[in-house]
Amino acid sequence: MTEAEKSALGSAKSAPRLSYFHVGIIVPDLSAAIAHYQDVLAIRFTEPATFRIPVMEDRYPHEAQLVAAYSMTEPPYYELVQAAGDGITSPKLAGNILYYGLWETDMAARLEKLKQQKIGLDALFKADADSPPITIITAPVLMGARIEYVDVSVKPAIEEWIRTGKFPGSG
């Protein structure tokens, strides 16, 4: 093995591993979907939570709301998202797996890498126009699946929501 190969192998071993934690499904009726999955899979779901997204860049930059619930299971979780609007959460996308969600430790670097790899982007969720995204949703990639990269900074809140059933600070 050459020194370059050893170096590459060493950096691959020390690179943070992406952690798959959920599958996102757009649903036409969130309450009905929760009832259906609870009945069919015999699992519980969190209370739905509404999230204000200051800048959602899907078809064009705009403010958006997203309403979702997570399964209260072990990972990978089911994330059910209420269909709305005409972008990434459009009712046209309901009824199928929208994406596979991964935790990401460096969103700015991930965004740059995706651009370098010429992987299309279907949506970015941002706190403001100049901030790195909190969420990146790719266009369908290998085998037709989208990947959702979620900033690890929101991991404690999501884990608390799954553990307790209520999103922290929601009342």
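Observations
- Residue under evaluation Val81, criteria (1) outside any strand (DSSP E or B); (2) at pLDDT 95 or above; (3) of a type in the set (A, V, I, L, M), criterion not met: (1)
- Of Pro168, Pro132, Pro156, all but one fail to be under 16 Å from the mean Cα position of the chain (by Cα) and over 19 Å from Ser19 (Cα atoms); the exception is Pro132.
- Filtering the stretch 87-113 to residues that are within 16 Å of the chain's Cα centre (by Cα), charged (D, E, K, R) and part of a helix (DSSP H, G or I) leaves only Arg110.
Conditions (1) within 27 Å of Lys92 (Cα to Cα); (2) modelled with pLDDT of 95 or more, marked per residue:
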{"residue": "Glu5", "(1), (2)": "no, no"}
{"residue": "Ala8", "(1), (2)": "no, no"}
{"residue": "Tyr20", "(1), (2)": "yes, no"}
{"residue": "Val27", "(1), (2)": "yes, yes"}
{"residue": "Ser31", "(1), (2)": "yes, yes"}
{"residue": "His36", "(1), (2)": "yes, yes"}
{"residue": "Ala42", "(1), (2)": "no, yes"}
{"residue": "Thr46", "(1), (2)": "yes, yes"}
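- Selection of the stretch 146-157 for residues being in contact with a strand residue (DSSP E or B) (Cβ under 7 Å, 6 or more places away or on another chain) and assigned to a helix (DSSP H, G or I) yields Val152, Lys155.
- Among residues of the stretch 120-145, those that are charged (D, E, K, R), farther than 14 Å from Ile88 by Cα and either in contact with a Lys or Arg (Cβ under 9 Å, 6 or more places away or on another chain) or part of a strand (DSSP E or B) (or both), counted: 1
- Residue check for Leu102: more than 17 Å from His22 (Cβ to Cβ) and surrounded by 14 or more Cβ atoms within 10 Å (Cβ to Cβ): no
- Filtered by the rule that a residue be surrounded by 16 or more Cβ atoms within 10 Å (Cβ to Cβ) and of a type in the set (Lys, Arg), the stretch 107-137 gives Arg110, Lys126.
The values are calculated or read from the model by the stated rules, or taken from the named source; none is laboratory data. Please read these numbers as outputs of a predicted model, since none were measured by experiment. Note that each Cβ is placed from the backbone with ideal geometry, even for glycine, and that neighbours are counted across all protein chains shown.
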